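J.: Here's a structure for you.
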Amino acid sequence: MRNFKNKLGLSIILIMIIFASCNKEDSLNEGSFKLQQITYLKNNTEQFQDASINFNLGDIYASKEFYFMLSNAGDYPITNINIVSSNEQFTISPAQIDTLSSTNNNSFTQAITLGILHGKVLNGVGNAPNLEQGENTATLTITGTTYNGREYIDISFEVTINVVAKIADICVSTSSGAIDMTEYCSFALYTAGLYNFCVNQTDFLTFQNTGNVTLNMNIKYMDTINWNEFQYIETNISPTESYTLDNNSLSSVILSFTGENAVVNQEKYITTDNQGVNYLGIKVNYDE
């Protein structure tokens, strides 16, 4: 009888242990993704923003990198992680991660770099295509595999990234209409590498800001009245605004401008020097 009671008591204890283990396992949460932006203060200390699925990163004037922390907010590890961007100019590194362990493990976070290509290539030579002027959006899709206490499951997490691409752009018009700035007629003698656009006789030149940054312009021009003597004008024009140079005796014009360090429209023949100053030339009644 005593042996029976001992066995019964042992059985009850084992059942309770198994039940407690099941309850503990049932209380664990499947792995889940959490993304936070990292910003750096002036003293280079890291500051973590609140986790989100929407990030508005503001204005960008050229290619730029942003930094994030991807973490596992659940109790079970996440494995075979892939990050895919819907926009090829929004690049992710690393794009594959082996494992994000649970919050009980030190390896439950991973630093992520988001490189947005807009003009000059990041960490390299040359230029990437400009983003479309204005708002640009990309969706980052993060996928992986985790455990929910019963089986392994695939999970997915989507994040929206928004930026506003700034571009310095200008349109030049004459009495005959807008100049086609995708073709040039010669190189200027006054500034190395400066593209010239050749036009017929005109009563004026109008410079319109077709970008989305303020342009600081320097206009250097020569006319047939003051031959071989340049005259100078400095002016600023806001987006959509214009400035007209009224002069029916123009012979040549050199325009230099900056636009808040924004990239220039790459589809037009505009020269940019190492200081970020943009140049173009205009020849009136010019024979090659």
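J.: Sum up the charges of everything whose Cβ sits under 12 Å from the Cβ of ASN209, counting Lys and Arg as +1 and Asp and Glu as -1, but leave ASN209 out. Don't jump to the answer; show the numbers that get you there.
T.: Working: positive: none; negative: ASP169, GLU241, GLU260.
Here the count lands on -3.
J.: Could you go through region 77-91 in sequence order and give the Karplus-derived ³J(HN,Hα) for each residue, using 6.51 cos²θ - 1.76 cosθ + 1.60 with θ = phi - 60°, rounded to whole Hz, and x for Gly and Pro?
T.: Once rounded to whole Hz, the list reads x, 10, 10, 6, 8, 10, 10, 10, 9, 7, 10, 5, 8, 10, 9.
J.: Further question: LEU194's amide H: which non-local residues (gap 5+, or another chain) put their own amide H closer than 5 Å, with H modeled 1.01 Å from N in plane and none for Pro or chain starts?
T.: Hits under the 5 Å cutoff: ALA188.
J.: Related question: For Cα pairs less than 8 Å apart in space and 6+ apart in sequence, what is the mean separation divided by the residue count of region 168-284, i.e. the relative contact order in percent?
T.: Over region 168-284, the number comes to 32 percent.
J.: Can I ask one more? Give me LYS268, LYS64 ranked fewest to most by other Cβ atoms within 10 Å of their Cβ, as a rough exposure proxy. Display every interim value, and only then the final one.
T.: On the way: LYS268 20, LYS64 17.
Going from least to most buried by this count: LYS64, LYS268.
J.: Hey, can you grab everything whose amide H is under 5 Å from the amide H of ASN285? Only 5+ residues off in sequence or another chain; H modelled, so Pro and N-termini drop out.
T.: Result for ASN285 returns VAL199, ASN200, GLN201.
J.: Tell me, what HN-Hα J-couplings in whole Hz come from the Karplus equation 6.51 cos²θ - 1.76 cosθ + 1.60 at θ = phi - 60° for each residue of region 66-74, using x for Gly and Pro?
T.: Once θ is set to phi - 60°, the couplings for region 66-74 become 10, 10, 9, 10, 9, 9, 9, 8, x Hz.
J.: Also, I was wondering about something else. Kindly provide log₁₀ I(q)/I(0) values, in the same order as q = 0.09, 0.13, 0.16, 0.20 Å⁻¹, from the Debye equation applied to equal alpha-carbon scatterers of region 140-288.
T.: Relative scattering, expressed as log10 I(q)/I(0), comes to -0.37, -0.60, -0.84, -1.26.
J.: Using only the Cα atoms of region 29-165, each taken as one equal point scatterer with no solvent, compute I(q) by the Debye sum, divide by I(0), and report log10 of the ratio at q = 0.10 Å⁻¹.
T.: So the normalised log intensities work out to -0.36.
J.: Here is a further query. Could you tell me the relative contact order of region 29-165? Use alpha-carbon pairs under 8 Å, at least six residues apart, and round to a whole percent. Can you show the working numbers first?
T.: On the way: 343 pairs, mean separation 40.2, N = 137.
Dividing the mean separation by the residue count of region 29-165 yields 29 percent.
J.: Starting from the Cα of ASN162, move 7 Å in the Cα-to-Cβ direction to define the label point; list residues of region 131-152 whose amide nitrogen is under 18 Å from there.
T.: 132-141
J.: List the residues whose amide H sits under 5 Å from the amide H of TYR184, counting only those 5 or more places along or on another chain, with H placed 1.01 Å from N in the peptide plane.
T.: Under 5 Å from the amide H of TYR184: no residue qualifies.
Readers should treat all values here as calculations from the given coordinates under stated rules, not as data from a laboratory. Since the structure is predicted, the reported quantities are computational estimates derived from the model, not experimental observations. Here the Cβ is made from the backbone with ideal geometry for all residues, glycine too, and neighbour counts use every protein chain on show.
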